[in-house]
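Here is the structure we will look at.
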């Protein structure tokens with residue numbers, strides 16, 4: 001089945017299927033808009049302030065005993081050029097925030113019919129009316145949400161239609177809790193097939209499949225033999241075993257387009273910070289101290305964050321019939337997720353259209369985890385086959401007992 005996509009505006013969205021009639025608005029969230037306006041205003045005010053304070057000559061008089069002194073500050077970048085750059089960046093952020101604030105989509109549902117009106121920033125609003133049964137299914141997908149150097153996965157449930165303009169969001173969130181439960185609830189409510197995207201394309205299921213015991217599915221379909229698997233993996237992966245613990249991790253850091261973005265961020269902010277420190281005397285004389293300290297702390301924080309994200313590794317442990325997933329940065333682990341084998345409902349490779357990447361997705365009854373998003377499809381198939389084998393072993397142990 002060919003997949004079509006429609007980008008939604010919201011960072012958080014919930015279509016309450018228990019309520020009818022229902023009216024919702026799909027638009028950029030207030031916190032994101034507020035952050036954009038604050039930072040845009042901050043850069044604009046700073047640029048305007050510096051443009052009006054570029055005359056750095058003055059007099060210094062100590063007890064009327066010293067003559068007038070002219071202060072010359074060494075410059076890496078002329079102050080007026082730096083101020084103009086800040087002003088342009090600030091105005092750009094403000095305009096972008098205004099654009100995101102104005103665009104929106106209103107969705108009305110009366111129990112059987114959807115009425116959707118799209119309000120673009122420029123041009124006239126346009127609407128369509130569609131019966132709920134004209135939709136193909138309820139699709140689950142993962143989207144990488146990018147905000148500068150900050151990014152995270154958004155989990156999206158949506159009404160899928162062959163016409164991309166008619167695809168409607170049902171649920172958008174960064175939270176992985178109860179995602180499968182909602183997926184099933186929407187499918188049952190609207191009497192539509194559950195759909196998700198894998199490396200094989202768009203795959204549909206019967207609603208009853210969502211209640212199936214995954215270990216029984218592995219046995220019934222003789223997985224991973226009857227799945228697309230790989231016999232070998234690349235040298236990017238490391239498999240280790242110690243007693244009853246097995247570990248899968250990356251052998252080395254993988255640099256991609258987002259890594260380059262972080263490196264560029266470190267270089268640009270680092271250059272600006274070096275300029276500021278080199279001209280600290282000038283800035284102290286022309287910029288309020290609290291604002292200067294805030295900008296120094298902000299710049300250092302962004303450099304620190306961008307640097308750390310270059311060295312994040314996904315690590316997966318198999319211990320005592322449980323999956324333990326966490327990220328590791330310079331030996332420090334974080335974001336630990338523990339999923340018992342008995343709660344796993346699916347292990348698949350999902351496609352993220354925003355980045356063109358694939359990742360391994362483990363779907364449990366009450367949570368969802370995505371890992372190894374920088375690996376090739378072949379390596380992900382190898383890991384999936386390995387996990388299916390481990391989960392199938394648990395089923396074999398049950399039968400022996």
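The values are calculated or read from the model by the stated rules, or taken from the named source; none is laboratory data. Nothing here was measured: the structure is a model prediction, and the numbers come from that model. Using ideal geometry, Cβ is built from the backbone for each residue, glycine included, and neighbour counts are taken over all protein chains shown.
For residue 23, which of the numbered conditions (1) at pLDDT 90 or above; (2) exposed (fewer than 14 other Cβ atoms within 10 Å of the Cβ); (3) part of a helix (DSSP H, G or I) fails to hold? Against the list (1) at pLDDT 90 or above; (2) exposed (fewer than 14 other Cβ atoms within 10 Å of the Cβ); (3) part of a helix (DSSP H, G or I), residue 23 comes up short only on (3).
If you filter the range 179-212 down to residues that are assigned to a loop (DSSP other than H, G, I, E, B) and surrounded by 15 or more Cβ atoms within 10 Å (Cβ to Cβ), you find that the one that is nearest to the chain's Cα centre (by Cα) is 199.
Within the range 335-344, the residues that satisfy the criterion of being buried (at least 19 other Cβ atoms within 10 Å of the Cβ) and part of a strand (DSSP E or B) are 339, 344.
Checking the structure you have, find out if any residue of the range 289-297 is assigned to a helix (DSSP H, G or I), touching a residue at least 24 places away in the same chain (Cβ under 8 Å), on the phi < 0 side of the Ramachandran plot and under 19 Å from the mean Cα position of the chain (by Cα). So that I can check it myself, show each step before the final result.
Of all residues in the range 289-297, those assigned to a helix (DSSP H, G or I) come to 289-297.
Then keep just the ones that are touching a residue at least 24 places away in the same chain (Cβ under 8 Å); that gives 291, 295.
Adding the requirement that they be on the phi < 0 side of the Ramachandran plot leaves 291, 295.
Subsequent filtering for residues that are under 19 Å from the mean Cα position of the chain (by Cα) retains none.
No, the range 289-297 has no match at all.
Only one entry in 176, 138 is assigned to a strand (DSSP E or B) and either touching a residue at least 40 places away in the same chain (Cβ under 8 Å) or not assigned by TED's automatic domain parsing to the domain that holds residue 363 (or both), namely 138.
Yes or no, residue by residue, for (1) surrounded by 17 or more Cβ atoms within 10 Å (Cβ to Cβ); (2) assigned by TED's automatic domain parsing to the domain that holds residue 370; (3) farther than 30 Å from residue 384 by Cα:
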site: 268; (1), (2), (3): no, yes, yes
site: 284; (1), (2), (3): no, yes, yes
site: 293; (1), (2), (3): no, yes, yes
site: 304; (1), (2), (3): no, yes, yes
site: 320; (1), (2), (3): no, yes, no
site: 324; (1), (2), (3): yes, yes, no
